[in-house]
Amino acid sequence: MGYTRPLLNRDKEAPITMLEPVQLAKFGVTELEAQHALDRLNVRDVDYADLYFESRTSESVSMEEGIVKRAAKSVSQGVGVRATAGEKTGFAYSDELTKKDLEIAADTARYIANSPQGASPVPVPTQRRPTRDLYPIERAKAEVATADRVALLNAIDAEARRYDPRIKNVMASFNTEYKVVVVATSDGTLVGDIQPLSRLQITCIAEDGDNRQVGSFGGGGRVGFEYYLEDNRHLSYAREAAREAILNLSAVDAPAGVMPVVLAGGWPGILLHEAIGHGLEADFNRKKTSAFSSLIGKRVASDVCTIVDDGTLPFRRGSLNMDDEGTPTSCTTLIEKGILRRYITDKLNARLMGIPLTGNGRRENYQSVVLPRMTNTFMLAGESDPQDIIRSVKKGLYAVSFGGGQVDITNGKFVFSASEAYLIEDGQITKPVKGATLIGSGPEVLTKVSMVGHDLKLDNGIGTCGKDGQSVPVGVGLPTIKIDEITVGGTQR
């Protein structure tokens, strides 16, 4: 898939390769036909236009109670056609890729954007930008036989049940996706990418008399099947899901009230993603509906907080060689030592707001419009020892993992449920608790972060972000941090 000429990423770590250009011929379309469609879009009032070609193959197998419950494979292909005029976006799509269908879609997008006909030729879209290949997986390695998928899930089922006889049910699923995209734009760019993706998810149910508890774990990224077999990673996932379920059998009711909370590294970064990250997406700020609107250059967090969105990390679930507008992804510092520096942008909102383009224009598929979306969002490591952070708390909560949550973008208020949490008593982690929720607001909670650990950890690669009905893969991360006070909703009577 990639050329062998090595490049180094910004940290001069693992070598990466030059991405081999993806041809329009994959879609049965010539460059001349693509240019002709763009010509129909490039009229007097249109500021920008593009064609987004996508071919996707998705496969999944799921198991429950030792039985394969579902095995599915789907193949889709089509093109999304967009024209932007001022704040207005005209969008149409087609799953037929003939010259006539491209013309119809182009005309429809132009009409929606309210632009008259009378095209002037656009630059010939033949420029192919070489892009870093952050996930060099060949098609042959991305394909996995159903028998191998089933064998993987059978081994997981057996390992989880072996962990403890109180594990009564195991649910596991393995999903893969292989996507080919090409973007042709009215500024003369033609660029493509091949985007593999996989995810393994496990849920265990433990029972002890009438006490029934759940534990979940999983991982993935832009990785191949062999990733899950390395060092028996799939079996460690099974044991972790079983461990959490068994742990919750002994959990006591969570306390309630305002108290200090320590968040563990890794997946708890989902709180940053939801409570803060969405509020930093440019569309909400352009429309003044975000709690962070008009706060660039102002303090929004304590000075120990630096938060970035980085789409350039090799093999990560949220990483991309380019976003869905053909722009190379980047590492964007959003909050630097407590000061808000930048919003997450796509081309439309960057142009309308007059701010830098960050390479965060994303869409669920060719049938979806582009929105500014996060990639991998995390807080950078600090200087505190994680044990010192815990020892600094006399009475509080230590949250290791979260389940569901809700956020109001307009004011940043959130509610998150902890799936694994413990009491902190006299500087020591003690009993596991159940039923704990964190209640607060994103802008406020950041100002109460007093200690940040040196143990930055990224999640295992299971995140999916929803916005305006669209879902895209993302990553999160966090070092151990201390929030001096936050409202904990508990079940303790």
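Hey, could you check the range 212-226 for residues that are surrounded by fewer than 19 Cβ atoms within 10 Å (Cβ to Cβ) and out of contact with any strand residue (DSSP E or B) (no Cβ under 6 Å at 6 or more places or on another chain) and say which is farthest from VAL433 (Cα to Cα)?
If we take residues in the range 212-226 being surrounded by fewer than 19 Cβ atoms within 10 Å (Cβ to Cβ) and out of contact with any strand residue (DSSP E or B) (no Cβ under 6 Å at 6 or more places or on another chain), then GLU226 is farthest from VAL433 (Cα to Cα).
Against the condition free of Cβ contacts under 8 Å to residues at least 60 places away in the same chain and closer than 30 Å to LYS88 by Cβ, how does ARG341 come out, does it pass?
Spelling it out, ARG341 is indeed free of Cβ contacts under 8 Å to residues at least 60 places away in the same chain and closer than 30 Å to LYS88 by Cβ.
Could you tell me whether LEU102 is part of a helix (DSSP H, G or I) and touching a residue at least 60 places away in the same chain (Cβ under 8 Å)?
Judged against the criteria, LEU102 is a match.
Looking at the range 317-335, is at least one residue open to solvent by 20 Å² or more (accessible area, probe 1.4 Å), without any contact (Cβ under 8 Å) to a residue 60 or more places away in the chain, out of contact with any helix residue (DSSP H, G or I) (no Cβ under 9 Å at 6 or more places or on another chain) and among the polar types (S, T, N, Q)?
yes
Going by what's in this entry, would THR377 be described as open to solvent by less than 20 Å² (accessible area, probe 1.4 Å) and among the β-branched types (Val, Ile, Thr)?
So THR377 passes the test.
Residues that are open to solvent by 10 Å² or more (accessible area, probe 1.4 Å), of a type in the set (Gly, Ala, Ser), farther than 26 Å from THR329 by Cβ and touching a strand residue (DSSP E or B) at 6+ places or on another chain (Cβ under 8 Å): does the range 265-285 have at least one?
Checking the range 265-285: not a single residue is open to solvent by 10 Å² or more (accessible area, probe 1.4 Å), of a type in the set (Gly, Ala, Ser), farther than 26 Å from THR329 by Cβ and touching a strand residue (DSSP E or B) at 6+ places or on another chain (Cβ under 8 Å).
Can you give me the number of residues within the range 383-419 that are surrounded by fewer than 22 Cβ atoms within 10 Å (Cβ to Cβ), outside any strand (DSSP E or B) and either aliphatic (A, V, I, L, M) or touching a His at 6+ places or on another chain (Cβ under 8 Å) (or both)?
Final tally of qualifying residues: 5.
If I filter the range 420-430 for residues that are in a loop (DSSP other than H, G, I, E, B) and either open to solvent by less than 40 Å² (accessible area, probe 1.4 Å) or more than 24 Å from LEU247 (Cβ to Cβ) (or both), do I get at least one hit?
Taking every residue of the range 420-430 in turn, at least one turns out to be in a loop (DSSP other than H, G, I, E, B) and either open to solvent by less than 40 Å² (accessible area, probe 1.4 Å) or more than 24 Å from LEU247 (Cβ to Cβ) (or both).
Confirm whether LEU320 is outside any strand (DSSP E or B) and either among the acidic types (Asp, Glu) or within 23 Å of the chain's Cα centre (by Cα) (or both).
When the stated conditions are applied, LEU320 passes them.
Those residues that are in a loop (DSSP other than H, G, I, E, B) and surrounded by 17 or more Cβ atoms within 10 Å (Cβ to Cβ), I need them from the range 449-477; list them, please.
The answer is ASP455, LEU456, ASP459, ASN460, GLY461, ILE462, GLY463, VAL474.
Could you check, for the range 244-252, whether at least one of its residues is touching a residue at least 60 places away in the same chain (Cβ under 8 Å) and part of a strand (DSSP E or B)?
So far as the range 244-252 goes, yes, one or more of its residues are touching a residue at least 60 places away in the same chain (Cβ under 8 Å) and part of a strand (DSSP E or B).
SER250 - would you say it is open to solvent by 10 Å² or more (accessible area, probe 1.4 Å) and small (Gly, Ala, Ser)?
yes
For ASP309, which of the numbered conditions (1) open to solvent by 10 Å² or more (accessible area, probe 1.4 Å); (2) in contact (Cβ under 8 Å) with a residue 24 or more places away in the chain; (3) charged (D, E, K, R) fails to hold?
(1)
Consider ILE439 against the criteria (1) buried (at least 21 other Cβ atoms within 10 Å of the Cβ); (2) in contact with a Ser or Thr (Cβ under 6 Å, 6 or more places away or on another chain); (3) of a type in the set (A, V, I, L, M): it satisfies all of them except one. Which criterion is unmet?
(1)
If SER115 satisfies every condition in (1) closer than 30 Å to SER250 by Cα; (2) modelled with pLDDT under 95; (3) not aliphatic (A, V, I, L, M) but one, which is the exception?
(1)
Kindly list, by first and then second residue, each pair from a residue in the range 80-91 that is surrounded by fewer than 24 Cβ atoms within 10 Å (Cβ to Cβ) to a residue that is in a strand (DSSP E or B) and of a type in the set (D, E, K, R), limited to pairs with Cβ atoms under 8 Å and residues at least 6 apart or on different chains.
THR89/ARG82; GLY90/ARG82; PHE91/ARG82
Can you find, within the range 355-374, the residue that is most open to solvent (accessible area, probe 1.4 Å) among those that are under 20 Å from GLY221 (Cα atoms) and not acidic (Asp, Glu)?
ASN365
The values are calculated or read from the model by the stated rules, or taken from the named source; none is laboratory data. Keep in mind that this is a model prediction, so the values were computed, not measured. Every residue, glycine as well, gets a Cβ built from its backbone with ideal geometry; the counts of neighbours run over all protein chains shown. With ligands, DNA and RNA removed, areas are computed over all heavy atoms of the protein, side chains included. Shrake-Rupley method; radii C 1.70, N 1.55, O 1.52, S 1.80 Å.
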